[in-house]
Amino acid sequence: MSILKIDNVTMKFGGVTAVNNLNIEIQEGRIEALIGPNGAGKTTAFNVITGVYMPTQGSVYYKGEKITGLTPDKITKKGIARTFQNIRLFKNLTVFENILIANHLRLNSNFLSGTLRLPWYSKEERQMREKSEMLLDKLDLLRLKNEIAHSLPYGEQRKLEIARALATDADLLLLDEPAAGMNPSETMELSEFIHTIRDEFKLTIFMIEHHMDLVMEISEKIYVLDFGQLIAQGTADEVKNDQRVIEAYLGVEEDA
Amino acid sequence: MMNKINNKKTSLYLNILLIVIFAAVITLLDTNVIGDAYVRRILNLSAIYAIVSVSMNLVNGFTGLFSLGQAGFMAIGAYSVAIFTVPLAERAKIFYITPQNPVLAQIELPFVAALLLGGFLAALVAIMIGVPVLRLKSDYLAIATLGFSEIIRIVFTNIKSITNGALGIKNIPTMPTMWVFFGIAIISIGFMRLLITSSYGRAFKAIREDEVAAEAMGINLFKHKVMSFSIGAFFAGIGGGLLATLFATVDPNQFYFPVTYNFLLIIVLGGMGSISGTIIASFVVTAGLEILRFFDEPLTLFGISIPLFRPGLRMVIFSILLMLLVLFFRNGLLGQKELSWKLIIDLLSGKLPRKKTGEGGGVQ
């Protein structure tokens, strides 16, 4: 069953068409990837899915329900969480606070019961803390619980951002270049990490990535975007040997 | 582990000691054993400034909205107390040029009711202006809220049958004890502190840190901004109401927009994002402004009159201090930290940690 369906989406900024007639269906429980040269429209596609942009044309369906036109916070509530290309943690807050904040969207008590620490709020707060500690423990981040987010090493910050997205109870995780700025050994670790969380949290993962080795290794299906057009899709091997993909990345050979 | 328990116990004892000393000092001041009316007035004013400054810090320091509308919200609270607590018998004397609105002329409320009404009206107005204005960001929001604050003042100058216009309202019943000001300050600031440490407060901080990420984490930006803004306005209204009863008189010029800058100075000095810093700064700035009055009077030393000592010099000195502060002390007294006994002890023993250690990280 497809968990996410991008149906004929076009996104124009003035005269520039960033994404053109994009059709993608992500299958539940899989790891799929969106690749393409710089400026191909990958992040724009993510921003359309998460509600940051309203597409010029077309719609996005999540679990069969149309989510186009909803604000980003409502889309996250439905179960789509994301990370960002340039890490966007709550820098001056602790690791634990970062995770707790991602639990806020499931809070039922209003601000008054929260402020007055009424029993039902206190119960929710306790559950929130337990759940966050468990999550940090599972991802081996508990030892950093009280550290300020921006003081973490780069790799841990990436991991924390993924942890924070998981804390929203998402079913679909969108990762925007999770391996950006990582060295080969860190990338290997990340690849393992992505596999682990997929299995542990029963996730579907859709990611944008530049590291071809990572993409080729873990993605079950790859979509290739070039100048806003979907030029190829399929398994790693199929995509690797596609003439148009090679041209998009290496350029067309010109006869002298 | 042992050390930690001892620290907790020490903190508790020190806290109890502090509360006892605080209560004793207020009681002594109240019963006129120490101090005089002037000192009491400055302290009461400081308590009021603390409420309004913390309310402004809630919006600016914790939620990251650059709002400058505090004076306007205070005016709403102040006028609510002024209009509804002046005894009915004295109304005609006060509204001697334009008679008071016949409906209002028959309503007299107890102080607490008028104070709360003022707070709620301020919050209501905040919601009304927040809906369009909170879609703006940073400087634009500041300009819009500043404009709003001026509109309130001008409206209050002109609706004479309600506010008595530029003449103001006099004979507002005053409070017999400092506990009214300090009690309400403790409740108000306590409430805001509990809010800030709740899940909603964390959401506010998330918005301050990164709006895009906060929204991606499912936080409804608009709802939380309006919430912070209107709760901030509520307490600014409460502060305004207390100001009315302290001065026993209100007029629109008390809420001229530079008033807001005093609170801005206080929260910058105390630390954007620190409640305890704000409280300390409220007392320092309020008392400081009084002490600086010395510069406003002509000074003669050894028969030579010193030039420049004349009304207005106080504000020049004040502005220079503000500039020095911004240049050399940008994070204010406490930055985003809160004052605690641990911090004081660490500071005194000269071992202020540069980086917070992962205390109890592996222990569950």
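Some values worked out for this structure:
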quantity	calculated
Residue match in the stretch B:254-261 (condition: within 12 Å of chain A (Cβ to nearest Cβ) and in contact (Cβ under 8 Å) with a residue 60 or more places away in the chain)	no
Selection within the stretch B:298-312 - exposed (fewer than 12 other Cβ atoms within 10 Å of the Cβ) and touching a residue at least 12 places away in the same chain (Cβ under 8 Å)	B:298, B:311, B:312
Whichever residue in the stretch B:192-216 is surrounded by fewer than 17 Cβ atoms within 10 Å (Cβ to Cβ) and facing chain A (nearest Cβ under 7 Å) and, among such residues, is modelled with the highest pLDDT	B:194
The stretch A:65-100, residues that are in contact with a strand residue (DSSP E or B) (Cβ under 7 Å, 6 or more places away or on another chain), within 9 Å of chain B (Cβ to nearest Cβ) and closer than 16 Å to residue A:46 by Cα	A:81, A:82, A:83, A:84
Selection count where residues are at the interface with chain A (Cβ under 9 Å from one of its Cβ atoms) and under 19 Å from residue A:103 (Cα atoms), scope the stretch B:225-246	1
Enumeration of residues in the stretch A:101-131 that are touching a residue at least 60 places away in the same chain (Cβ under 8 Å) and either at positive phi or facing chain B (nearest Cβ under 7 Å) (or both)	A:101, A:102, A:105
Residue within the stretch A:39-48 that is outside any strand (DSSP E or B), surrounded by fewer than 16 Cβ atoms within 10 Å (Cβ to Cβ) and either of a type in the set (A, V, I, L, M, F, W, C) or touching a Ser or Thr at 6+ places or on another chain (Cβ under 6 Å) (or both) present	no
Test for residue A:181: is it outside any helix (DSSP H, G or I), in contact (Cβ under 8 Å) with a residue 12 or more places away in the chain and more than 14 Å from chain B (Cβ to nearest Cβ)	yes
Of the criteria (1) touching a residue at least 40 places away in the same chain (Cβ under 8 Å); (2) farther than 30 Å from residue B:112 by Cβ; (3) in contact with a Lys or Arg (Cβ under 8 Å, 6 or more places away or on another chain), which one residue B:246 fails	(2)
Residue pairs meeting the criteria (Cβ under 6 Å; at least 6 apart or on separate chains; first under 14 Å from residue B:129 (Cβ atoms), in the stretch B:47-72; second among the aliphatic types (A, V, I, L, M) and in a loop (DSSP other than H, G, I, E, B))	B:59/B:65
Residues that are touching a residue at least 24 places away in the same chain (Cβ under 8 Å) and among the basic types (Lys, Arg), drawn from the stretch A:221-254	A:221, A:240
Helices (runs of 4 or more DSSP H) contained entirely in the stretch B:145-255, each with at least 3 residues that are hydrophobic (A, V, I, L, M, F, W, C) and closer than 30 Å to residue B:37 by Cα	B:178-196, B:221-247
Among the candidates B:300, B:278, B:260, residue that is farther than 20 Å from residue B:66 by Cα and of a type in the set (Val, Ile, Thr)	B:300
Residue A:50 being within 14 Å of chain B (Cβ to nearest Cβ) and without any contact (Cβ under 8 Å) to a residue 24 or more places away in the chain	no
Selection status of residue A:125, surrounded by 15 or more Cβ atoms within 10 Å (Cβ to Cβ), modelled with pLDDT of 95 or more and more than 23 Å from the chain's Cα centre (by Cα)	yes
Answer residue from the stretch B:230-265, given it is under 17 Å from residue B:146 (Cα atoms) and among the polar types (S, T, N, Q) and is surrounded by the most Cβ atoms within 10 Å (Cβ to Cβ) among those	B:260
Test result for residue A:98, out of contact with any Gly (no Cβ under 7 Å at 6 or more places or on another chain), crowded, with 16+ Cβ neighbours inside 10 Å and either farther than 18 Å from residue A:171 by Cα or in contact (Cβ under 8 Å) with a residue 40 or more places away in the chain (or both)	yes
Yes/no for residue B:94 being in contact with a strand residue (DSSP E or B) (Cβ under 9 Å, 6 or more places away or on another chain) and either more than 27 Å from residue B:225 (Cα to Cα) or surrounded by 14 or more Cβ atoms within 10 Å (Cβ to Cβ) (or both)	yes
Scope the stretch A:51-92; condition surrounded by 22 or more Cβ atoms within 10 Å (Cβ to Cβ), within 26 Å of residue A:132 (Cα to Cα) and over 16 Å from the mean Cα position of the chain (by Cα); matching residues	A:90
Test: residue in the stretch B:29-45 that is part of a helix (DSSP H, G or I) and buried (at least 21 other Cβ atoms within 10 Å of the Cβ)	yes
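The values are calculated or read from the model by the stated rules, or taken from the named source; none is laboratory data. Keep in mind that this is a model prediction, so the values were computed, not measured. Cβ sites come from the backbone with ideal geometry, for glycine too, and all protein chains shown count toward neighbours.
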